[in-house]
1. Filter the trypsin sites (Lys or Arg not before Pro) in segment 1-65 down to the DSSP loop ones having no more than 10 other Cβ atoms within 10 Å, then list what survives.
2. List the chymotrypsin sites (Phe, Trp or Tyr not before Pro) within segment 14-93 that DSSP assigns to loop and that have no more than 14 neighbouring Cβ atoms inside 10 Å.
3. Given points 7 Å out from each Cα along the Cα-Cβ axis, report the Val443 to Thr244 separation in nanometres with one decimal.
4. Along the positive direction of the dipole of the chain (beta-carbon charges: Lys, Arg +1; Asp, Glu -1; about the Cα centre), which of Gln421, Ser6, Asn175 reaches farthest?
5. Determine, from the Cβ-Cβ distance of Ile88 and Ala426 and an R0 of 41 Å, the FRET efficiency 1/(1 + (r/R0)^6), rounded to the nearest 0.05.
6. According to a simple spin-label model (label point 7 Å from Cα along Cα-to-Cβ), what is the distance in nm between Lys105 and Ser344?
7. Which three lengths, in whole Å and largest first, does the chain cover when its Cα atoms are put on their principal axes?
8. Please work out the Cα center distance from segment 52-85 to segment 300-334, rounded to the nearest Å.
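Bear in mind these aren't lab numbers, they're just calculated from the coordinates by the rules spelled out. All figures in this text were calculated on a predicted structure; none of them were measured in a lab. So basically every Cβ, Gly included, is an ideal-geometry build from the backbone, and we count neighbours across all protein chains shown.
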Amino acid sequence: MGFVLSVLYFVTSYLTPAVLFGPFAGARIELILAVLVCLISLPALLRSFILKTSQSLALIGLAFATFLSVLIELHWLGGAVRSLLTFIPNAFAYFLLCLHCNSRKKLQAVVVMLVFVCLFVIVNGSIDLLHGIPESANHLPDIVQRWSVEHPYLFPMSNGEGEMFYRLRGLGEINDPNDFGQLIICVVPLVFIFWRPKRALRNFVIVILPVCALLYGTFLTHSRGALLALIAIAIVAIRRRIGTLPALLLAGGVFVGAMALHFTGGRDISASAGEDRTELWSQSLQLLKSHPLFGVGAGNLPDYLGHTAHNSAMVCAAELGMFGLFFWCLFLFPTIRDALVVASPEKVSESDQPIPEEGPLHLAAKKVETVDKAEINRLGRLLLLSLTGFLVAGFFLSRAFVLTFFLLGGMVEVVYEMALQRGMIAPRMRLARILPYAGGLAVFLVLVVYVMLRILNLVR
């Protein structure tokens, strides 16, 4: 029951209560659902591995940093509480996944949920496109605005040449085309969790067709960040098979082809085209210099810049200061580290669990899911690809605290725990060792942005 309610909670967060529950959404069903999930999850907390993960401490620290950033900067207790309540629902996803997702089949169910969310938006957006775009869209902005309200899955905007085009988006957590594009890119590798060797027809129906639909949805978002993330995933996925240089050349060909097909809606991907974003990065660094410890307050960056930072690390640093960025990296570092470990054949050994024999305890033994080393490695590689897509897209988006990030972190730890329980992997890195790495990563991310800005200023 806890797992089913958790999945329903995730779907509600992505698609909004209004879509799922219609007229009953006003009853605050999402809040009722969250309370029910909390109550059901309490008994599972004591026997769960979640308290042993560094990410749990990181999320508590992030919640504390969110609260303090507003309280100290704005001296507003009510605003601090509101920022905390905004942060908790997304971070809650990590705890729910670790508490209730304890098998490969449940992991697959989470992937099915993510695919359903993406296809739901893609289908609705495609239907909106088929219903026709107003012919006078370029001349009557009021018609465009009214049309976009009636068609919430499409976002109208103009490219560099002043031509109007429409971008696919979702609702709730994914109500921006870039957000939705990032989600799709993260889901594409995960679909291959259903791939089975020598099962051509099954793989075509269950894997290839959904992936093609997801890629079509990515095209409809016209997200430049999603395109770069997709290319990064392709490079990481195939470089071991064909080598790094051929992978880069192939990725370059994909990029040229995507631009020729107007993947980005006629917008360029270049240093000059990204000047507005790099200027926001620069201003965010300036804010970090003036508010180094606790930042300008969670969600308060647009009040200073007029926009958000368009970089996940920078929005975290500017809004929560180095204190908040440290805890964000305390979540990110062990997640990446554990994903790399479970994806490595050298780090994972064969299971030391004995094969259950026929007998009185046979039925109980069958409940233990059989997962071998190859499957653990495969799950690790797919999650690593998904994280790659999220982080590359997130480098150009302000998506530091979104639901997808915490879901991926939970999925990584679920796979790690599956391997750990079967004696296939070494215990998690101790917190005492992770803390200095998290601090170093926080400083490194700020320096990377600073160096990039210096290089771009020299080139211009």
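1. Taking segment 1-65 and a limit of 10 other Cβ atoms within 10 Å, the loop trypsin sites (Lys or Arg not before Pro) found are Arg47.
2. Here the chymotrypsin sites (Phe, Trp or Tyr not before Pro) that fit, given the DSSP loop and packing criteria, are Trp76.
3. Here the answer is 2.6 nm between the modelled labels.
4. Gln421
5. The value I calculate is 0.80.
6. 3.3
7. Its Cα atoms span 77, 55, 55 Å along the three principal axes.
8. Rounded to whole Å, the Cα centres lie 13 Å apart.
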